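Data block below; observations after.
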Amino acid sequence: MGNISTKPRLLLFQPPIYDFALFDLFLKPYGLLRLGRWFEESGYEVFFVNGLDYNDKETNSLLGKPRRYSNGTGKFPRMRIPLPHGVDSERSFGRYGVLADILKRKVKDANPDIIFVTSGMTYWYKGVVEAVGICKELFPEIPVLTGGIYANLMPDHCKVSTGADYVVTGNVEESIKTVFKAHSLPVPAGEIPKGPLMLEEVWKDAGVLRLNEGCPFHCDYCASDLLCKKFIKGNAEIAFEALLEMHGRFGTSNFAFYDDALLVNSEQSIKPFLELIIQKDLQLKFYLPNAVHLQFLDKDTAFLMKRAGFQEIRLGYESSSRDFHTDYDDKFEEDDLFRVVETLESAGFSKNKITAYVLGGLPSQQWKDVEGSIKTAASTGIRVSLAEYSPVPRTPLWGKSMELCSFPLDKEPLFHNNSFFPMKWDCYTLENMKYLKSLVQKLNMDPGS
């Protein structure tokens, strides 16, 4: 008979997601699994229940196997469900991820002493409610902690809606240590490690990396500086070690950067990191789910990115209007986009692998301004992506969003979802938004037109 472990048991829970549409663009519970590594290194037996496991055989046998791609992106299992009472939309609503009965069984098997449930976008909160509900139903006496984006941006709503025992915000390490002491559980030692818990089912198809933490900019539409209070410069060698660990253990060859400001402090972070990749000749592929800042993309960086194996470049252009940038983000130079496109092309990137994000649907924004930005970006011959604004609690634009929106944004986070187009008004109607989407589609089919 085998030995029964006397280690304390900790459960990490990635909830399913409720949304109108969902694509897995390197969506990984990176922060949660960093905590998992911290606890494993501190002597805990760590269990992970992945509510977004696209390889779950039981779920896929009932819902159909989702379409996946060789770079580790793709679809999740989807089950159509009714919208919550009082919420109307012409679009169908869905629950993405592993079926609830299967999740219950996995949570029960873990038999934990304490549970962590992560959260993503505020409008995904229904999945967090489900996950916490499963845990409290099975283990009513076991403490459940929630953290992540929704928990930090709307802690009071999170506490009431989920029924979690604790909502972790601010200084994560200190909050966790206080809770653990209160429940007479061993307090993890040291600091939260930079790298995540190594799990093959999470990292084999695609890994994620983070060099810099936070962002030095304070854009009115973004919550980055709320979620990470200060910009922390990255360490190229630590990030490279994390990459080598995933690549060596699981054969991972696709990697996505989670940085909000990847190219900031480039001489000490991204450039030496890329040089290490090139020296090792690892033949890897790199992706940018988050856009990079135009003003930091110079010739040397572009050439290093191409040689290291970057498959695409996404640019945070946002608008061609100087007034837009003066009002909202203060990160604009007139010729940045044209300079960067020329630089990337000279480094070997084809224009169909370069995408500029244009931001639309902000409070009081006029659709004609967005149209002009789309056409300016498209005139360079690259692809354009219309990023539709979602109101974000506690950001500088939150107050104006609540003032102008007809939906109760502070009471129902589902209305933060840009599928509702929460900031529509006379000078930016739903028909205007549909036109802009079709314009982007047309220009991307015929770049430079």
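The values are calculated or read from the model by the stated rules, or taken from the named source; none is laboratory data. No experiment lies behind these values; they were computed from the predicted model shown. Positions of Cβ are backbone-derived with ideal geometry, glycine not excepted, and every protein chain shown enters the neighbour counts.
Of the residues Phe93, Phe20, Phe26, which single one is out of contact with any Gly (no Cβ under 8 Å at 6 or more places or on another chain) and of a type in the set (Phe, Trp, Tyr)?
Of the residues listed, the single one that is out of contact with any Gly (no Cβ under 8 Å at 6 or more places or on another chain) and of a type in the set (Phe, Trp, Tyr) is Phe93.
Can you confirm whether the stretch 80-99 contains a residue that is under 23 Å from Val179 (Cβ atoms), in contact (Cβ under 8 Å) with a residue 12 or more places away in the chain and either assigned to a loop (DSSP other than H, G, I, E, B) or within 23 Å of the chain's Cα centre (by Cα) (or both)?
No, every residue in the stretch 80-99 fails to be under 23 Å from Val179 (Cβ atoms), in contact (Cβ under 8 Å) with a residue 12 or more places away in the chain and either assigned to a loop (DSSP other than H, G, I, E, B) or within 23 Å of the chain's Cα centre (by Cα) (or both).
Out of the residues in the stretch 398-448 meeting the condition of being exposed (fewer than 14 other Cβ atoms within 10 Å of the Cβ) and in contact with a Ser or Thr (Cβ under 9 Å, 6 or more places away or on another chain), tell me which one is modelled with the highest pLDDT.
In this case the residue turns out to be Lys442.
Taking the residues in the stretch 370-407 that are aromatic (Phe, Trp, Tyr) and assigned to a loop (DSSP other than H, G, I, E, B) as candidates, determine which candidate is farthest from Asn152 (Cα to Cα).
By that ranking, first place goes to Phe407.
Being assigned to a helix (DSSP H, G or I), of a type in the set (Phe, Trp, Tyr) and touching a residue at least 60 places away in the same chain (Cβ under 8 Å) narrows it down to one of Phe273, Phe303, so name that one.
From the options Phe273, Phe303, the qualifying one is Phe273.
Looking at the stretch 246-270 only, could you name the residues that are in a loop (DSSP other than H, G, I, E, B) and not hydroxyl-bearing (Ser, Thr, Tyr)?
Within the stretch 246-270, Gly251, Asp259, Asp260, Ala261, Leu262, Leu263, Val264, Asn265, Glu267, Gln268 meet the criteria.
Could you grab the pairs with beta carbons closer than 7 Å, sequence gap of 6+ or different chains, first residue in the stretch 46-59 and over 22 Å from Ala21 (Cα atoms), second one of a type in the set (Gly, Ala, Ser) and not in a strand (DSSP E or B)?
Once the first residue is over 22 Å from Ala21 (Cα atoms) and sits in the stretch 46-59, its partners that are of a type in the set (Gly, Ala, Ser) and not in a strand (DSSP E or B) give Val46/Gly36; Phe47/Ala110; Phe48/Gly36; Val49/Ala110.
Here is a yes/no grid of residues against (1) under 16 Å from the mean Cα position of the chain (by Cα); (2) not in a loop (DSSP other than H, G, I, E, B):
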residue	(1), (2)
Lys177	no, yes
Lys181	no, yes
Pro186	no, no
Val208	yes, yes
Ile238	no, yes
Ala242	no, yes
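Looking at this structure, is Asn71 assigned by TED's automatic domain parsing to the domain that holds Asn111 and assigned to a loop (DSSP other than H, G, I, E, B)?
Taking the combined requirement at face value, the residue satisfies it.
Considering only the stretch 29-51, state which residues are surrounded by fewer than 22 Cβ atoms within 10 Å (Cβ to Cβ), in contact with a strand residue (DSSP E or B) (Cβ under 6 Å, 6 or more places away or on another chain) and within 28 Å of Arg78 (Cα to Cα).
Tyr30, Leu32, Phe47, Phe48
Sort out which residues of the stretch 192-217 are surrounded by fewer than 21 Cβ atoms within 10 Å (Cβ to Cβ) and touching a residue at least 60 places away in the same chain (Cβ under 8 Å), and write them in order of number.
Ile192, Pro193, Lys194, Gly195, Met198, Leu199, Glu201, Phe217
Of Gly64, Gly31, Gly36, Gly74, which residue is at pLDDT 95 or above and more than 24 Å from Asp259 (Cβ to Cβ)?
Within the list Gly64, Gly31, Gly36, Gly74, the selection yields Gly64.
Exactly one condition in (1) on the phi < 0 side of the Ramachandran plot; (2) of a type outside the set (A, V, I, L, M, F, W, C); (3) surrounded by fewer than 20 Cβ atoms within 10 Å (Cβ to Cβ) is false for Pro391; which is it?
(3)
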